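Visitor: Okay, here's the structure, questions in a sec.
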Amino acid sequence: MEDKRRSFLRKAAIGGGLTAFAAGFSATAGRMLDHALGKDKPKQRLNGNSLAPEFTVNPATGALSVNPEQQVSYTMCTGCTTFCSVRVRIDKKTGKVLRVAGNPYSPMSADPPLPFQTPVRESFVALTRHQEKGLAGRSTACGRGNAVLEQMDSPFRVLAPMKRVGPRGSGQWQPIEFDQLVKEIVEGGNLFGEGEVRGLRALRDLHTPIDAQQPELGARVNQVALMASTNEGRLAFVDRFIKQSYGSLNMVGHGAYCGGSYRSGSGAMFGDMKKMPHAKPDLENVEFCIFIGTAPGNAGNPFKRQGTLIAKARSGNKQFSYVVVDPVLTNADSLAAGDRSRWVPIKPGTDGALAMGMIRWIIEQERYDRHYLVQPNLKVAEASGEASWSNATHLVIVQPGHARDGRYLRGSDLGMVFPDEERYKDKDPYVVYDPVAKKPVVHTEARGEAELFFDGEAQAGTDTLKLKSAMSLLREEAFRHSLADYSAACGVPVEIIEGLAREFTSHGKRAAVNAHGGMMSGSGFYNAYAVVMLNTLIGNLNRKGGTLINGGGFKDAGEGPRYNLGSFAGAVKPSGIPIGRNVPYEKTSEFKRKKEGGKAYPAQAPWYPNAPGLASEWLTSAINGYPYTLKALILWSCNPLYGVTGLRAQIEKDLADPKKLPLIVAVDPFINESSALADYIVPDSLLYESWGWANAWGGVAVKMSTARWPVVEPKARKLPDGQAIGMETFFIALAKAMALPGFGPAGLADAEGNPCPLERPEDWYLRGGANIAWLGKTPVPEASDEDIDLSGVARIRPLLEKTLKPEEWRKVAFMLARGGRSQNYKEMFGLRLPPPADAKAHAAPAGAASGKTPQATGAKPLAAAAVAGAAVHAAQEEAPYPSDWATHRFTKPMQLYNENVGTAKSSFTGKRFSGTPSWREPAFADGTPVRKKYPEAEWPLQLVSYKSPLQNSYSIGARSLRGIHPDNPVALHPEDAARLGLHSGDSVYLETPGGRAKATVILRHGVQRGVVAVEHGFGHRELGARAHRIGGKAQPHEAAIGAGINLNDLGLSDPTRSGRNVFVDPVAGATVRQGLPARLVRV
Amino acid sequence: MIQSRRNFLRALPAITAGAALAPAPAIAAAAGEEDGRHRWAMVVDVQKCIGCQACTVSCIMENAVPENSFRTIVSTYEVHEGPRTNTYMLPRLCNHCANPPCIPVCPVGATFQRKDGVVVVDGDRCVGCAYCVQACPYDARFINHATGKADKCTFCAHRVDAGLLPACVETCVGGARIFGDLNDPDSKVRHLVDRNKMKVLKPEMGTQPHVFYLGLDERFQGHVEGAGTLWQPSGHGG
């Protein structure tokens, strides 16, 4: 017993906090004597300096009295991109935020949330000991959410506009008046004594092409670009300014350096490569779940909701177990949960090999959900009990040389006649093979199951075509490698691949697989597509215990029921080619020119027709001038130089040169690694000072919007009219100075078209709130006086009354008082919703195409038609949906073969991409494998990035987080360490082909062999790590903010490309931070 | 890490100095619920802990816990056994023992147990000698360098007395921390303690902790040894 115990303990490497608990003592005892003299006597005899409670509640009666000195308000946290609704406790006298916890109304924070109608007073009582309600309905903030309030009072905040007075990046600034800021940015001039800089007015050229030889690039206005980060509730406002009003095409978010590869892989599955829908496991009902490249309860979105539900599931009585596949062991696993939780280590960036191995096994063993996959269309699928459907049976033309090789066979190919603009579009149906009639029929006509594995020739119109069903293509691709090969590639033993596949297919639809940011490898897109394909093989989408899409939000900005926050007179419809080149190369003048010259490929740099806007390519494109240069760049609350893997080394020097990018303006509450290179920094509102309406972007299957409203007075400098300077005031002022449409005294209109001002942030957000209040079957109720007082909305009541119509303001107050609006949580399943506006094109009602067509195929109803038809008829009578169908369903088909991907070509090699999931080892743009260029002999290790629950890219300033977790030593498996003679605590140089950093090593068994794991969020050079000079005065700095290293500083460029670039996934265009070749060198 | 070890050594003489101060008379009853109707306790369901440290930070915010000190924290271990490696998360705080070894060592009678079981420190009396810090087998106490007094978890007595829950409980994302009155037959803690085999930390010390662990691996009941720390809040071994 003793021996066993000791060996166990000796092997226990510590994942954190072993000694933390006693830490306070050592750090403080040295100073003890000073304080024994009573200098800082605690405020309370027994409770030290603890805060006074915000309420007092009689535990027996529930009677609540509030502390008149404090305010508790429900608003949004922006401490990470989950954007939870939280409760913020404020000292009324000082405006200081004292503590943050959860909002009990919000599904993001509470399980279960309170019904939306609950009075605010009751919501407070629900947090207390009264009837132990606070235990049953607790609403939480995470560690970071508890800590980020520190940022409000940070000495590093930018509170007034600043202009650089030294060279770019020199850290020397002069505070300037707002009027000067606006005038200089709009009018330009010799702003820095370095020569003329063109201002935004002159740069707004909506007509002159950037390049007359390449008119497709668009007008010169596109050379003004705006980088944002996430939609934290204000993106629609920014979009209005830069796109619709100013007229530039170029606005981009951070997706390409966040979870872009996963989102693109999921987008391929869901058939939308631009919006990239994704689904999440239903953690409340799933029986077996595999997490690959995502770590529920450790990081990822929605952080708390996933954490709460995984904790509940693994400790509850329901059947549940889960596996986390990851090169790094994290808090997503729990030994305490016994066999319900397992960690499977994997080689970095090889998740696709694992998933394709599982797919192969599932197909070989016929463990897929055949009933799901054979459904030819939504109607038939629904009638037979399926809540979603796939295109597994749809036929693809596989005839090299055919003009439509790689495309789905369509009704028009069978002779159906459509106007040109509709041909091969949504209305032109797909074709399946009818196993009874033994011929192809359009999928909308099929009345029963279609041939799943079709591989042969069929008559299509006048041609005989080689056709394969999507499922056949998937099988073919999966069978390209043996299970042993897949196992060798990913480092997961064959028996574990089989075991995972067997377990995954042993729970009907109550199993799920999920992925996210861990997919950011050189094979990220295909890895992600392969992983999400597993869900499709068991048909779990829209099903209880399977995967669910989120319920969506209530739209604030748009042509809403109360105000038109969408269109306006004079709005520009930006056009051209985005600077990130996420369009087909084949549509460019360069392609035509090169094709005429006899060699269409390679393009000068890769193009990404199946990607969304690509922040990964933006700045290098601008510096390379391909497809064009930028004249001005606005950075709004984003930090690409910290976050885009490999970017800093590529372009930091270029960005410091105003000749290469003449004007950079940052709007940010802090000076980060990117805004440090700006010419001007404009302060922005922060956290609880700010406005916004945000949606839950995954994992919440009811409809909800979270409200952010200024529960405290913004700290930034005020304008003469009392408005604090922030993003909105800045853009409004720019728009007014240039007389742009859509802003100013008549910038908006109500639903009847009467003009309304857009001159202050609340003009936008409160009216957006009115739109939300009126959406749905009935408008929301009106807030009571008590709701308004208790929630702190009273503080902004004058704004509400001034901005909104008399019938509106109390409804908006009702939502602000509750931190947003959400659908009843109990409506997650089984509710029949009115069909979405665009559903017709995809629901493909039987016979929709036949009215227009001569029925060249002569398709007849299949044998099963009578049965299926009866069920279709029943569904039309608005019977309730089955109780295990999601209320918010995704009703377009899952794509076993994505024709847009499958017909796209690499703009470097001219070779077609695979249209099905596939395992391919990471390669550079010209197809050269990464390991060929950087062989294992020279670079024996691989870097991966991972997260802890505490730090993200912008949280390091919170002192309490650093107190728990001040550094990020790089983790290495003990066997690798032994080989290298390294021990925990040793200093090393961590080297990649892209850079080198000095780091400290820690040995962990929780790291895959051959891997160096680097936690994200450290290695900052700014945010307070460096002292700036403002107005000639040295500012403070804090060395601890610069602790550790940033993996993104070690990212690769692609050696097969020319010019500045970072290594990206060839389809998704997303950055590569997993599996970077590396080595460790002892210091 | 090295820096703080040095601090620890340097601190020792100061502790000795503090001990020279004279003892004080017995303490008067504290304000709050002192009639003995309640016996506050916590159950920690270790399967539910996700190690997010929400408790740790909320406690810091609620109780003005100075930098690098903790009234509560989640110790997080990486456990390697045979072919398997797993994460183990263990929330720690003052156990509000029925037999608290920190109380008798106080030379001034500053630390005492309320009738509802909460072990507190009277800041008016505490001289910061740190005897109690050393006496606690759970390393649950520290000297607060802002106040110069011994400091520790109070179960957020100021909140509990106001009918609220401790900060760490309110914000526990996994729902691992369950707080309530053992004397209330209907309370969740009473139900859990009655219906489950609970464990406590270091039971052999005879301290009779009132923080009960549900599903605790017995190998974590005592002092846990390990090699290296990934998260290294400046501190010494414990």
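Visitor: Output the number of the condition that A:Arg996 fails; it satisfies all remaining conditions of (1) closer than 30 Å to A:Lys274 by Cα; (2) away from every other protein chain (no Cβ under 14 Å); (3) charged (D, E, K, R).
Guide: All conditions pass for A:Arg996, except number (1).
Visitor: Could I ask something else about it? Within region A:908-1016, considering only strands (runs of 3 or more DSSP E) that don't extend past its boundaries, which have at least 2 residues that are at pLDDT 95 or above and surrounded by fewer than 22 Cβ atoms within 10 Å (Cβ to Cβ)? So that I can check it myself, show each step before the final result.
Guide: Details: elements: A:941-946, A:970-972, A:987-992, A:995-1003, A:1011-1015.
By residue number, A:987-992, A:995-1003.
Visitor: Contact list please: Cβ distance under 6 Å, first residue in region A:581-602 and at negative phi and at pLDDT 95 or above, second residue of a type in the set (Ser, Thr, Tyr) and not in a helix (DSSP H, G or I), pairs at least six apart or on different chains.
Guide: What qualifies is A:Asn582/A:Tyr608; A:Tyr585/A:Ser907.
For every residue, the table says whether it meets (1) touching a residue at least 12 places away in the same chain (Cβ under 8 Å); (2) among the β-branched types (Val, Ile, Thr); (3) within 8 Å of chain B (Cβ to nearest Cβ).
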residue	(1), (2), (3)
A:Asn317	no, no, no
A:Val328	yes, yes, no
A:Arg342	yes, no, yes
A:Arg360	yes, no, no
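Visitor: In addition: For residues that are within 9 Å of chain B (Cβ to nearest Cβ) and part of a loop (DSSP other than H, G, I, E, B), scanning just region A:123-138, find the one that is farthest from the chain's Cα centre (by Cα).
Guide: A:Arg129
Visitor: Return the residue satisfying two criteria in turn: it lies in region A:139-181 and is in a helix (DSSP H, G or I) and more than 14 Å from chain B (Cβ to nearest Cβ), and of such residues it is farthest from B:Leu164 (Cα to Cα).
Guide: Step one: filter region A:139-181 for residues in a helix (DSSP H, G or I), giving A:143-153, A:178-181.
Checking which are more than 14 Å from chain B (Cβ to nearest Cβ) leaves us with A:178-181.
Values: A:Phe178: 46, A:Asp179: 49, A:Gln180: 51, A:Leu181: 49 Å.
Here the answer is A:Gln180.
Visitor: Let me ask another. How about region A:701-756: which of its residues are touching a helix residue (DSSP H, G or I) at 6+ places or on another chain (Cβ under 6 Å), surrounded by fewer than 24 Cβ atoms within 10 Å (Cβ to Cβ) and part of a strand (DSSP E or B)?
Guide: The one that is touching a helix residue (DSSP H, G or I) at 6+ places or on another chain (Cβ under 6 Å), surrounded by fewer than 24 Cβ atoms within 10 Å (Cβ to Cβ) and part of a strand (DSSP E or B): A:Gly744.
Visitor: Please work out if B:Glu81 is more than 25 Å from A:Ala52 (Cβ to Cβ), at the interface with chain A (Cβ under 7 Å from one of its Cβ atoms) and over 15 Å from the mean Cα position of the chain (by Cα). Steps first, please.
Guide: Details: more than 25 Å from A:Ala52 (Cβ to Cβ): yes; at the interface with chain A (Cβ under 7 Å from one of its Cβ atoms): yes; over 15 Å from the mean Cα position of the chain (by Cα): yes.
Criteria met by B:Glu81.
Visitor: Surrounded by fewer than 18 Cβ atoms within 10 Å (Cβ to Cβ) and part of a strand (DSSP E or B), is that true of A:Arg1021?
Guide: Working: surrounded by fewer than 18 Cβ atoms within 10 Å (Cβ to Cβ): yes; part of a strand (DSSP E or B): no.
When the stated conditions are applied, A:Arg1021 does not pass them.
Visitor: Check B:Gly117, B:Gly123, B:Gly128, B:Gly180 and return the single one that is in contact (Cβ under 8 Å) with a residue 60 or more places away in the chain, under 29 Å from A:Ser65 (Cα atoms) and within 7 Å of another protein chain (Cβ to nearest Cβ).
Guide: Working: B:Gly117 fails: within 7 Å of another protein chain (Cβ to nearest Cβ); B:Gly123 fails: in contact (Cβ under 8 Å) with a residue 60 or more places away in the chain; B:Gly128 fails: under 29 Å from A:Ser65 (Cα atoms).
Going through B:Gly117, B:Gly123, B:Gly128, B:Gly180 in turn, just one is in contact (Cβ under 8 Å) with a residue 60 or more places away in the chain, under 29 Å from A:Ser65 (Cα atoms) and within 7 Å of another protein chain (Cβ to nearest Cβ): B:Gly180.
Visitor: Separate question: Would you confirm whether any residue within region A:1024-1031 is closer than 27 Å to A:Asn672 by Cα, assigned to a strand (DSSP E or B), touching a residue at least 60 places away in the same chain (Cβ under 8 Å) and not acidic (Asp, Glu)? First the steps, then the outcome.
Guide: Restricting attention to region A:1024-1031, the residues satisfying the condition of being closer than 27 Å to A:Asn672 by Cα are A:1024-1031.
Restricting the remaining residues to those that are assigned to a strand (DSSP E or B) gives A:1029-1030.
Then keep just the ones that are touching a residue at least 60 places away in the same chain (Cβ under 8 Å); that gives A:1029-1030.
Then drop every residue that is not not acidic (Asp, Glu), which leaves A:1029-1030.
Taking every residue of region A:1024-1031 in turn, at least one turns out to be closer than 27 Å to A:Asn672 by Cα, assigned to a strand (DSSP E or B), touching a residue at least 60 places away in the same chain (Cβ under 8 Å) and not acidic (Asp, Glu).
Visitor: What number of residues within region A:286-311 are in contact with a helix residue (DSSP H, G or I) (Cβ under 7 Å, 6 or more places away or on another chain) and at the interface with another protein chain (Cβ under 10 Å from one of its Cβ atoms)? Spell out the reasoning first.
Guide: Residues of region A:286-311 that are in contact with a helix residue (DSSP H, G or I) (Cβ under 7 Å, 6 or more places away or on another chain), as a first pass: A:288, A:290, A:292-294, A:296-297, A:300, A:311.
Now drop any that are not at the interface with another protein chain (Cβ under 10 Å from one of its Cβ atoms), which leaves A:296-297, A:311.
Here the count works out to 3.
Visitor: Considering only region B:112-157, state which residues are in a strand (DSSP E or B) and not aromatic (Phe, Trp, Tyr).
Guide: Narrowing region B:112-157 to residues in a strand (DSSP E or B): B:112-113, B:119-121, B:142-144, B:149-151.
Hits for region B:112-157 are B:Gln113, B:Val119, B:Val120, B:Val121, B:Ile143, B:Asn144, B:Lys149, B:Ala150, B:Asp151.
Visitor: Restricting attention to region A:757-786, and to residues there that are outside any helix (DSSP H, G or I) and basic (Lys, Arg), which single residue is farthest from A:Gly566 (Cα to Cα)?
Guide: To start, the set of residues in region A:757-786 that are outside any helix (DSSP H, G or I) comprises A:757-760, A:775-784.
Still in the list and also basic (Lys, Arg): A:760, A:777.
Numbers: A:Arg760: 17, A:Lys777: 22 Å.
Of everything passing the filter in region A:757-786, A:Lys777 is farthest from A:Gly566 (Cα to Cα).
Visitor: Something else now. A:Pro1077: buried (at least 22 other Cβ atoms within 10 Å of the Cβ) and in contact with a strand residue (DSSP E or B) (Cβ under 7 Å, 6 or more places away or on another chain), yes or no?
Guide: Numbers: buried (at least 22 other Cβ atoms within 10 Å of the Cβ): yes; in contact with a strand residue (DSSP E or B) (Cβ under 7 Å, 6 or more places away or on another chain): yes.
Spelling it out, A:Pro1077 is indeed buried (at least 22 other Cβ atoms within 10 Å of the Cβ) and in contact with a strand residue (DSSP E or B) (Cβ under 7 Å, 6 or more places away or on another chain).
Visitor: I'd like to check something: does region A:102-116 contain any residue that is facing chain B (nearest Cβ under 9 Å) and within 19 Å of B:Ile60 (Cα to Cα)?
Guide: yes
Visitor: For A:Phe83, only one of the following conditions fails: (1) within 28 Å of the chain's Cα centre (by Cα); (2) at negative phi. What is its number?
Guide: (2)
Visitor: Surrounded by fewer than 24 Cβ atoms within 10 Å (Cβ to Cβ) and either in contact with a helix residue (DSSP H, G or I) (Cβ under 8 Å, 6 or more places away or on another chain) or assigned to a helix (DSSP H, G or I) (or both), is that true of A:Tyr322? Lay out the reasoning, then the answer.
Guide: Values: surrounded by fewer than 24 Cβ atoms within 10 Å (Cβ to Cβ): no; either in contact with a helix residue (DSSP H, G or I) (Cβ under 8 Å, 6 or more places away or on another chain) or assigned to a helix (DSSP H, G or I) (or both): yes.
No: the conditions fail for A:Tyr322.
Visitor: May I ask you to verify whether A:Ser73 is at pLDDT 95 or above and buried (at least 17 other Cβ atoms within 10 Å of the Cβ)?
Guide: Values: at pLDDT 95 or above: yes; buried (at least 17 other Cβ atoms within 10 Å of the Cβ): yes.
Answer is yes for this residue.
Visitor: Enumerate the strands (runs of 3 or more DSSP E) found wholly within region A:65-122, keeping only those where 2 or more residues are farther than 27 Å from A:Ala311 by Cα and in contact (Cβ under 8 Å) with a residue 60 or more places away in the chain. I'd like the intermediate steps shown before the answer.
Guide: On the way: elements: A:70-76, A:85-91, A:97-102.
Because the criterion is at least 2 residues that are farther than 27 Å from A:Ala311 by Cα and in contact (Cβ under 8 Å) with a residue 60 or more places away in the chain, the strands (runs of 3 or more DSSP E) in region A:65-122 that meet it are A:70-76.
Visitor: Could you check region A:364-481 for helices (runs of 4 or more DSSP H) lying wholly inside it with 3 or more residues that are touching a residue at least 60 places away in the same chain (Cβ under 8 Å) and surrounded by 16 or more Cβ atoms within 10 Å (Cβ to Cβ)? Break it down into steps so the answer makes sense when it comes.
Guide: Values: elements: A:370-373, A:378-383, A:470-478.
Qualifying helices (runs of 4 or more DSSP H): A:378-383, A:470-478.
Visitor: If you don't mind, another one. In region A:663-696, what residues are over 18 Å from A:Leu641 (Cα atoms) and β-branched (Val, Ile, Thr)? Walk me through how you get there before you give the answer.
Guide: The first filter runs over region A:663-696 and keeps only residues over 18 Å from A:Leu641 (Cα atoms), leaving A:682-696.
Correct list: A:Val682 only.
Visitor: So which residues in region B:62-74 are crowded, with 24+ Cβ neighbours inside 10 Å, out of contact with any Phe, Trp or Tyr (no Cβ under 7 Å at 6 or more places or on another chain), within 7 Å of another protein chain (Cβ to nearest Cβ) and not β-branched (Val, Ile, Thr), if there are any at all?
Guide: If the condition is that a residue be crowded, with 24+ Cβ neighbours inside 10 Å, out of contact with any Phe, Trp or Tyr (no Cβ under 7 Å at 6 or more places or on another chain), within 7 Å of another protein chain (Cβ to nearest Cβ) and not β-branched (Val, Ile, Thr), then B:Glu62, B:Asn63, B:Asn68 are the ones that fit.
Visitor: Restricting the search to region A:670-700, which residues are touching a helix residue (DSSP H, G or I) at 6+ places or on another chain (Cβ under 8 Å) and modelled with pLDDT under 95?
Guide: A:Gly699, A:Val700
Visitor: Right, here's the next one. Name the residues in region B:155-191 that are closer than 14 Å to B:Thr72 by Cα and touching a His at 6+ places or on another chain (Cβ under 9 Å), would you?
Guide: Residue satisfying the conditions is B:Phe155 alone.
Visitor: Is it the case that B:Val79 is modelled with pLDDT under 95, buried (at least 24 other Cβ atoms within 10 Å of the Cβ) and touching a Phe, Trp or Tyr at 6+ places or on another chain (Cβ under 6 Å)?
Guide: Numbers: modelled with pLDDT under 95: yes; buried (at least 24 other Cβ atoms within 10 Å of the Cβ): yes; touching a Phe, Trp or Tyr at 6+ places or on another chain (Cβ under 6 Å): yes.
Answer is yes for this residue.
Visitor: Mind listing whichever residues of region A:335-388 are farther than 30 Å from A:Val442 by Cβ, among the aliphatic types (A, V, I, L, M) and touching a strand residue (DSSP E or B) at 6+ places or on another chain (Cβ under 8 Å)?
Guide: Selection gives A:Leu335, A:Ala336, A:Val344, A:Ile346, A:Leu354, A:Ala355.
Visitor: Return the total of residues in region A:39-54 being more than 7 Å from chain B (Cβ to nearest Cβ) and buried (at least 21 other Cβ atoms within 10 Å of the Cβ).
Guide: Qualifying residue count, region A:39-54: 1.
The values are calculated or read from the model by the stated rules, or taken from the named source; none is laboratory data. This is a predicted model, so every value here is computed, not measured. Virtual Cβ from ideal backbone geometry, glycine too; neighbours counted across all protein chains shown.
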